[in-house]
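The next block holds one structure in the form of structure tokens; read it before the comments.
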Amino acid sequence: MDGIETVRAVRVRRWMRVAAFVTAVLCTVIVTAAATARATLVSPAFYQSVLDEESAYDRLYDQVLVDPGTAPVTRGLLARLPVPEAVITSNLKLVLPPETARELTHEQIEAVVGYLNGDRDTLTLNVDLRPVLANLNDLAHTYFGDLVSSVQQKKEPDFAAFSTDLNTALHELVAGRVPKALPALPLSGTQAATATERVLLVVPEKQREALRADVEVALGSGDVATALATVAPVAVSEHTREAAARLRAVAGGYDWNVTRTLDSSGEDLPALHRVRAYTSTGLGLVEALGAALLVAALACLWVTGPASAGRKSMLLGWSLAAGGLLTALLAVLARLISGGRVMSPPTGGAPSIRRLVDDLQHTAFDDMTAAALATALVPLAAGSLLVGAGWFLQVRPHLSVPSSRLRLLAVGTSAVVLAGLVLVPLAASPSAPRRCQGSAELCDRPYDEVAYLTSHNAMSTTVDQFIGPLQDPGITAQLDDGVRGLQLDTYRWESPDQITARLADSDFSPEQRTLITAAVNKVNPPRDGLWLCHAVCRAGAIQLVPSLREIGDWMRDHPTEVVTLIVQDAISAEDTAKAFEQAGLTDLVRTPDPDPDRAWPTLGEMIDSGRRLVVFAEQADGPAAWYRNFYRYGMETPFAFRSPGEMSCVPHRGGTGKRLFLLNHFITNSGGSRIDAGEVNARRYVLDRVHRCERERGRPVNFVAVDYTTIGDARGAVDTLNSER
């Protein structure tokens, strides 16, 4: 009987050992898979990382939304706003700024992760259309500001021809098309009044009186471009309201339910629903139970294993190594079977969308596979260590190792394995990188080695109805569109006897000077306070403190951005400091090092400190420590170029050898030139001039100052410069 009992006991121990071995292997796989899924599938940072790896946001604007195949999508997004398609693709960032796109995408990621985690019973993807709707007007303003670029240079021979062409231009404008030509002819007072009545017919009657004086003085000098730029935003407002209403109707309100749209199109996201069946039960619970069973199985293996300490160690090692190896094989097999896809790219439509969807899926699968393999390496390595230690004891039986030390080795190895299975996926799985100025690569770059798109005379905009505007969208829209340097002119409102002197020194055209002089006693009476103006406040002005507050609000909404102001200061430094204090910007301004030759901090350091608004003056130097003269720290090129061929890199204000470099990259020929901006703002043109000036001056260009930032691709050039560096 004792022999039978012994045989039974041996069999039981053997079966227990086999069961424990299998359990240990399976639990290793389960814990590894759960830990990998926790660090990838249900981690918002993982999806953000995949988007960044594939430059998804840049590709959205540079490839997808300019793909002819996406024209129906872009038209639908803008609710068939009567704007030419070329204008839509070139100015879409005004309607859907990159930061808005990123935030909207992050909201959808949070919704998907919540659904996969089981925190939400249903998958509901909602897109808040309010930011898009709010920016429709900016696009309309930009579009109609661009009408000026098509000004016909020759004079019309008579008023009859002028009237005919004006009527044609108005009909084109109201229809949402760019007029083929704009007439230019100085008019008599009577003719200007007649033309004004015709122009005002395109705006609602209740708003005509407010615009009449501006339109009449513009037409009095034959400046049809300014007249149309004045009335166009109002004329198109009804179109904009209708477009916004259509967009809301298509979306079913201000919140667009993307899930419902996908369901109605037959795309019910089956892959996500299948994955949720495994992730919603609680990966943390599965991981904890798997870890507990793994510990129990390893303990059982130790107790039921052979009497030899070396063989016990080898048994534990083989179970862990087998679990790690099986996990790695399953991960590779899943990658091969799936082909790196959970869903097929959308059929039809634009190739750029299919490529982007495919690339995102492949990158996600590759990153998940890499995380799983890195995690599987932990039990594989630990198991190999235990097998090696056991084998060493087997071949060196004369070595005496206390069993207590072996138990300690086994327990320690198991603890390391469990800790590794929990921590390695977090380290191996890519996470959303820290971003500075929209790029992870710029965080470690010193401020004086970064290129910034800079808006020349940023306050002089079409949207704010400046005469001879040099930008189209307002300051906030410029910041949304990638501008990080703002050149601002601060003034007090001038008295009539000061205007003549200012006009003589301004870059206004003779016609614009006549227009402003004629307007002195008819419109824009003097106002108290501090203002942002372009040479003459009667040609357009916005209040300084509210504008600064607007900049501060934008910066607080975008905590990873660094902004620079270069102020052409016609007010005192004390008044400027007081204005910044009233605007609540004192916690954002950065004090430059007193030594202009000292290296600047990195963008990451500036962002971490919260001091990420740099303010320079053209004249003043203090008394506020943060308000320094630009030309102590920086140098520039000339700025009075009358044609692209005149652009040079010769030293101007600031001399040479400074750490900061301002490239004045705009044409001033009787005012700003939209036509020339279309040439000099081209990406290749900007890059060629920057590279030439950098070679001549021996310093990287920092501030690329342009007129009409929405014309051409100066931002693309700046992004390329930062990538090159």
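The values are calculated or read from the model by the stated rules, or taken from the named source; none is laboratory data. Since we're looking at a predicted model, the values are computed, not measured. Note that we place each Cβ from the backbone using ideal geometry, even for glycine, and neighbour counts take in every protein chain shown. Ligands, DNA and RNA are stripped out before the accessible areas are found, and what is left, the full protein with its side chains, is counted by its heavy atoms. Shrake-Rupley method; radii C 1.70, N 1.55, O 1.52, S 1.80 Å.
Some points to look at:
- Summed side-chain charge close to Gly655 - residues other than Gly655 whose Cβ falls under 11 Å, Lys, Arg +1, Asp, Glu -1: +3
- Taking Lys and Arg as +1 and Asp and Glu as -1, the other residues whose beta-carbon sits under 14 Å from that of Val686 total -3.
- If you plug the beta carbon distance of Asp121 and Ile337 into 1/(1 + (r/R0)^6) with R0 = 35 Å, you get a FRET efficiency near 0.70.
- For the set Trp15, Trp302, solvent exposure ranked by accessible area (probe 1.4 Å, protein chains only) runs largest to smallest as Trp15, Trp302.
- Net charge over other residues, Cβ less than 9 angstrom from the Cβ of Glu99 (K, R count +1; D, E count -1): -3
- With R₀ set to 41 Å, the beta-carbon distance separating Ala640 from Arg434 gives a calculated FRET efficiency near 0.50.
- Full-stretch length increase - Glu724, Asp58 - with 0.36 nm per residue and alpha-carbon distance subtracted: 238.1 nm
- A compact globular protein would have a Cα radius of gyration near 2.2 N^0.38 Å; the ratio found for the range 594-691 is 1.28.
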